[in-house]
Amino acid sequence: MPRIALDLNKAADRRKAQAGDWKVGLGFVPGEGNEGLVAQSTGSPARLADYDDSGWPVCNNVRQSYSKGFTFAWYRITVQIPERVDGAPVAGSRVWFETSADNYGEVWVNGELDRAAGSIIGLNGPHRLEISNKAVPGEKFVIACLVANGPLGEPRGGVFLRYTTLAFESAG
């Protein structure tokens, strides 16, 4: 099978991935005072697969810049492996989530962070994370991306994801 890439920033491609809309929650812990930033925090619940983001606004464009200066945002979406994409069967393929965060990011899949491959460090650096090495149609993945603006000593601009791609490739 050739590589098939779906642009998760486009509604038509999200439908092919049986995905809903992107949701965005501003802050390390969205909805909490001071963006949920407290000393010695043990983590944000927004990373968890069962976190309720139903009150978050829909993000029609992951490239839209939010806030300015030192800030955080979470982007969340659920995708489901389809039987076919553009007529090609995807069962057994490798599935990749590809993105670029401004400036620092983490990609949590089903509430887990691959500590070797899940962090995005750098100014808009490309990032690729395997979310399945053998696609199973019907399998769901909750993808939660934490984005922070930097550099931390003098953050500029806002936070955004430059692109979001779900790619299917031959396993062999």
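Figures for the structure shown
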| quantity | calculated |
| --- | --- |
| Qualifying residue in segment 23-32 (condition: on the phi > 0 side of the Ramachandran plot and in contact with an Asp or Glu (Cβ under 6 Å, 6 or more places away or on another chain)) | yes |
| Pick from segment 2-52, criterion loosely packed, with under 15 Cβ neighbours inside 10 Å, touching a Ser or Thr at 6+ places or on another chain (Cβ under 9 Å) and not small (Gly, Ala, Ser), ranking: farthest from Leu166 (Cα to Cα) | Pro2 |
| Enumeration of residues in segment 24-58 that are among the aliphatic types (A, V, I, L, M), within 16 Å of Val142 (Cα to Cα) and in contact with a strand residue (DSSP E or B) (Cβ under 7 Å, 6 or more places away or on another chain) | Val24, Ala46, Ala49, Val58 |
| Entirely in segment 87-157, the strands (runs of 3 or more DSSP E) that have 3 or more residues that are out of contact with any Leu (no Cβ under 8 Å at 6 or more places or on another chain) and within 23 Å of Ser67 (Cβ to Cβ) | 140-148 |
| Selection within segment 58-77 - loosely packed, with under 13 Cβ neighbours inside 10 Å and farther than 17 Å from Asn9 by Cα | Lys68, Gly69 |
| Tally, over segment 7-24, of residues that are outside any loop (DSSP other than H, G, I, E, B), in contact (Cβ under 8 Å) with a residue 12 or more places away in the chain and more than 16 Å from Asn61 (Cβ to Cβ) | 1 |
| Which listed residue is at pLDDT 95 or above, under 24 Å from Asn34 (Cα atoms) and surrounded by 12 or more Cβ atoms within 10 Å (Cβ to Cβ), from Ala101, Ala144 | Ala144 |
| Residue among Arg115, Arg128 that alone is in contact with an Asp or Glu (Cβ under 7 Å, 6 or more places away or on another chain) and either at pLDDT below 95 or of a type in the set (S, T, N, Q) (or both) | Arg128 |
| For Gly55: the one exception among (1) modelled with pLDDT of 95 or more; (2) surrounded by 17 or more Cβ atoms within 10 Å (Cβ to Cβ) | (2) |
| Residue ID - nearest to the chain's Cα centre (by Cα), chosen from residues in segment 86-98 that are modelled with pLDDT of 95 or more and aliphatic (A, V, I, L, M) | Val95 |
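Results for (1) over 16 Å from the mean Cα position of the chain (by Cα); (2) assigned to a strand (DSSP E or B); (3) of a type in the set (D, E, K, R), shown as yes or no for each residue.
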site	(1), (2), (3)
Val38	yes, no, no
Asp50	no, no, yes
Val62	no, no, no
Gly69	yes, no, no
Thr78	no, yes, no
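The values are calculated or read from the model by the stated rules, or taken from the named source; none is laboratory data. Note that the structure is a prediction, hence the values are computed from the model and not measured. Neighbour counts are summed over all protein chains in view; Cβ atoms, including those assigned to glycine, are modelled from backbone coordinates with ideal geometry.
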